[in-house]
Amino acid sequence: MSDTPDTPFTVAVPLPDEAATAALARRLGALLRPGDLVALRGDLGAGKTALARALIRSVTHEEAEVPSPTFTLVQSYDTAIGPIWHADLYRLSGPDEVYELGWDDARAEAVALVEWPDRLGPLLPADRIELTLSHDGPDARRASLTGHGTLAARVAAADWILE
Ligand SMILES: Nc1ncnc2c1ncn2[C@@H]1O[C@H](COP(=O)(O)OP(=O)(O)O)[C@@H](O)[C@H]1O
Ligand SMILES: [Mg+2]
């Protein structure tokens, strides 16, 4: 933790269809590096896993098998941007259980994509990206993306206008 006050930077991105979500995921993947954490928020079916899958495919290969970590809680990948630790913590019994899932190594070496990040409790880092997806129709979503701490500048510098 630093003493620097948090100056978050937020962008809103309309996602008219799943291809737009994949395009946003590619942009996000391009700015992430090991040690970064993305908190993926939104209701069941909002598209958290779909976005993570598109991001992972964009830094591995387009046909990569990316199952939802609903039951395994974590899936790990070796990618062009380093290891990715994709977690769905909905079924986490308590914050301590994340250590059994490789939390320390993930924070040290990997990009962490975390669905249901509230389960982390006090482990949720101050430096992070918050990405909230909400329904805007059957195939339309809205994304709100906020960079906190050291991630604010990187979110602010990126281009979020999807073509
Ligand atoms: N624009 C969109 N972005 C993301 N997913 C979408 C979109 N439109 C439709 N979908 C569908 O919505 C569902 C999202 O499911 P999932 O990613 O598992 O949600 P979550 O992980 O948030 O519970 C998928 O079936 C996906 O194909
Ligand atoms: Mg999911």
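Phi-derived couplings, Karplus 6.51 cos²θ - 1.76 cosθ + 1.60 at θ = phi - 60°, listed residue by residue for segment 24-41: 4, 4, 5, 4, 5, x, 5, 9, 8, 9, x, x, 7, 10, 10, 8, 9, 10 Hz, with x used for Gly and Pro.
Computed about the Cα centre, the dipole magnitude for segment 9-157 is approximately 480 debye when only Lys and Arg (+1) and Asp and Glu (-1) carry charge, each at its Cβ. A DSSP coil position with no more than 10 other Cβ atoms inside 10 Å describes the following chymotrypsin sites (Phe, Trp or Tyr not before Pro) in segment 44-106: F71. The value of relative contact order for the chain, using C-alpha pairs under 8 Å at least six residues apart, is 36 percent. Across all Cα pairs in the chain, the calculated P(r) in 5 Å bins from zero up to the longest distance comes to 2, 9, 19, 23, 22, 16, 7, 2, 0 percent per bin. Taking 30 Å as R0, compute the FRET efficiency from the Cβ-Cβ separation of A64 and I161 and round it to 0.05. Approximately 0.65, to the nearest 0.05. Work through the residues other than D136 whose Cβ is under 13 Å from its Cβ and net out their charges, Lys, Arg +1 and Asp, Glu -1. Residues close to D136 contribute a combined charge of -2. Fewest neighbouring Cβ atoms within 10 Å first, the residues H148, H86 line up as H148, H86. Mind pulling up the Rg/Rh value for segment 21-101? Radius of gyration and Kirkwood radius, both on Cα. On the Cα set of segment 21-101, Rg over Rh gives 0.94.
Values quoted throughout were computed directly from the atomic coordinates according to the rules given, and no laboratory measurement underlies them. Computed from a predicted model, the values in this text were never measured in an experiment. Because the Cβ atoms are built from the backbone with ideal geometry, glycine has one as well, and the counts that use them run over all protein chains shown.
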